[in-house]
1. Testing the spin-label approximation: label points 7 Å from Cα along Cα→Cβ at Phe331 and Gln628. State their distance in nm.
2. Given a 1.4 Å probe and heavy atoms of the protein chains only, how would you sort Met554, Met371, largest accessible area at the top?
3. Checking the table Lys168/Lys190; Lys168/Lys202; Lys195/Lys502 against a 23 Å threshold on Cα-Cα, which pairs fail?
4. Once you list every other residue whose beta carbon is under 9 Å from the beta carbon of His639, what net charge do they have if Lys and Arg are +1 and Asp and Glu are -1?
5. Taking Cα centroids, how far is the stretch 291-333 from the stretch 121-161 in Å?
6. With a sphere of radius 14 Å drawn around the Cβ of Arg296, what net charge do the other residues whose Cβ falls strictly inside it have (Lys, Arg +1; Asp, Glu -1)?
7. Would you list Leu501, Leu607 from the most to the least accessible area, probe 1.4 Å?
8. Within 11 Å, Cβ to Cβ, of Thr316, how many net charges do the neighbouring residues add up to if Lys/Arg are +1 and Asp/Glu are -1?
Amino acid sequence: MLVGMKIAHVILSLGFLILAWARMTEAAESRAPQEAPDDPRAWSIRTYWLGYPYSWTLKERYGLDLEGSTSAESLNPKATPPEIRDLIRDHTETIRPAILKIGVPTPEGSLFIADRRAGLIAVRTTNDAHSLWEAMEREALAEVPMMIRSHLDIFEIEDELASHLLEKSLSLANHASILDELEKLAVQGKVDRTKSQSWISKSGQQTATESVGSSHLPGAPQARKEEGHILVQGAPGSGLQVELDQVLGADRQTIDLNLHFNDASGVSHAQILKHHDPRSKHGVVAVENRFRTEIRTAMTLQDGEPRIVATWESETPGRRTMAFQTADVVFVRPDAVPSLIESWLKQHGEAALPTPPPLDKPATGFIPEGMLLRRYRLPSDFLSMGGGGVADVPAASSDPFASTSLPITRFQTAQEILESQGIPFPEGSSATFFRQSGILEVVNTQESLDLIDTFTTSILHHPPRCIDLALRIIEANASDVREWSQKAGAASANPSAYEALKQEGRAVGEYFITTKSGQIVRLDSGLQYHLSESSRTENGEDEGTSITTETVGMVWEVDPIIGADGYTLDLNLSIEFDTAPPVEEIVEDQKIVRFFEETLLTAITTLDGQNRLIGTWTPETPPGTEKQNVMHAIFLEVHATTIGGHNLGPIDDEE
């Protein structure tokens, strides 16, 4: 039975572990194999957490007993090099046979050493063999409580750079490279990081945060002195307000997130409005006109992969704001500390058993006649699809009082999973899955490869997707806009029109937002302008005045749905865009405020990746500032982006 395996039982204190690790790190130069993460057949050393120190799950599920019978002194941090080498050999002799029984590949030259107290095993093996160790670690983590840590990072950047990064982001599911680029530029002082906040919560629990401030409104004391009565309406919630409702997906790798974001931290502009209440004296209202951006959306994130939530025009001309959201799955487990066993394996593993050379890679010359080599990029949890098998276990005892245990789970290999789908593997064929890179490598006949094509396509049919929407408003010569609008004609997409008008004109507005299918998303960004409106009853009685607000900027609302075919997207959208700041005019001795707003309400059907001209208008401007012979062209580009499975499927030869 596997229960009698001899693996170290450690009772060392955490302080000794850290001290020993520090000493060993400063010791003789390591002769451990060099990591080669891009080569699945290269050798490397990694450490895996396989359960709490008191956990019995590992033994019951896999037949691995971490308690063992090895003496506690065997992990003495003061052990001599010969003692450490003997310990590595001893642990390898007991662990390797058990690992082979549950289907984890362990090529000759693999080494193991365990730390039961920390629930850790350090392993030296090939990168492809590490894949199932990673799967075992995930099985252990599946029993662990989880939380979600969210990060919000906001940058203000130049228009040209913002356009470049937005264009780049539309072809990516993971925006980490864009965030890294902005992080570096921020350190160099070339872009401004305006906000950076993080929160942690349990799945399904709403999180709310506020960073608010108050301000003294210039002019209010003078107004009070002159008018006698004043209501001071400040800017409640000025600053940053965020509400998050995040839920961990069943795969424990994706996070569904509902986000309400309100940033009212722009420059405050005091405004005095006439105020009249029939129940009191005439007076004025002191208000703050402040640039504010409010976003309501829903999105799906992959664990640890940042995505752009939205971009919008900044209050500062010539600059745009870009907001990133990241969610990390946090496992509630003992804190990770530098591992003594990994240090020992790196420094003394070579002396215990030299590392073999990297295994030969498949090449055309080694493929049997009549067979082909094909590679597929699949989800990292592909091997879990097999559901596991049952390893050989001893026959049941006739003693009714004998201790019993659950059947031991055995991992299925990639070839066994494919064979279970009825795919034949004749002599000389093979299938290997490298979880580190998510690559399935198959050598088989053309007929079998066709079946594998069908199977891999079927398991990739319903990955989570986000809808990325880019709205661009281009100002150009009116005749050019009309010409390209006519050329667009019956074309379903208009990339040529966009490129031509972008070169000939200029962008007066560029916005981006991401959401999920079936979720209404709203972006409301601009100066919040306050108005004092008078009202009377039907009988002409004075009801006084009320204070309302109007956004001077962009209000954009979209209701997107991915069609049943997975390719078409239906969108209902509303656009309200101000082409100029408001002006105050005197009409019949009354001061009125005039706005210059263009509105577009429409519904369209488009395809993933298309950039379409959805409307044009002639911008209205204040008297005396009219722009001669210009028009605006409105373009909408839509992408349905797969989250956590981008570019899955067969790999072209050139890759």
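1. 7.0
2. Details: Met554 0, Met371 25 Å².
So, going from the largest accessible area down, we get Met371, Met554.
3. Lys168/Lys202; Lys195/Lys502
4. Numbers: positive: none; negative: Asp468, Asp608, Glu637.
Net local charge, His639 excluded: -3.
5. Their Cα centres are 20 Å away from one another.
6. Details: positive: Arg292, Lys516, Arg522; negative: Glu243, Asp245, Asp263, Glu294, Asp524, Glu557, Asp559.
Once positives and negatives cancel, what remains is -4.
7. From most exposed to least exposed: Leu607, Leu501.
8. -4
The values are calculated or read from the model by the stated rules, or taken from the named source; none is laboratory data. A quick note: this is a predicted structure, and the numbers were derived from the prediction, not measured. Heads up, the Cβs are rebuilt from the backbone with ideal geometry, glycines too, and the neighbour counts pull from every protein chain shown. Note: areas computed on protein heavy atoms with side chains; ligands, DNA, RNA excluded. Shrake-Rupley method; radii C 1.70, N 1.55, O 1.52, S 1.80 Å.
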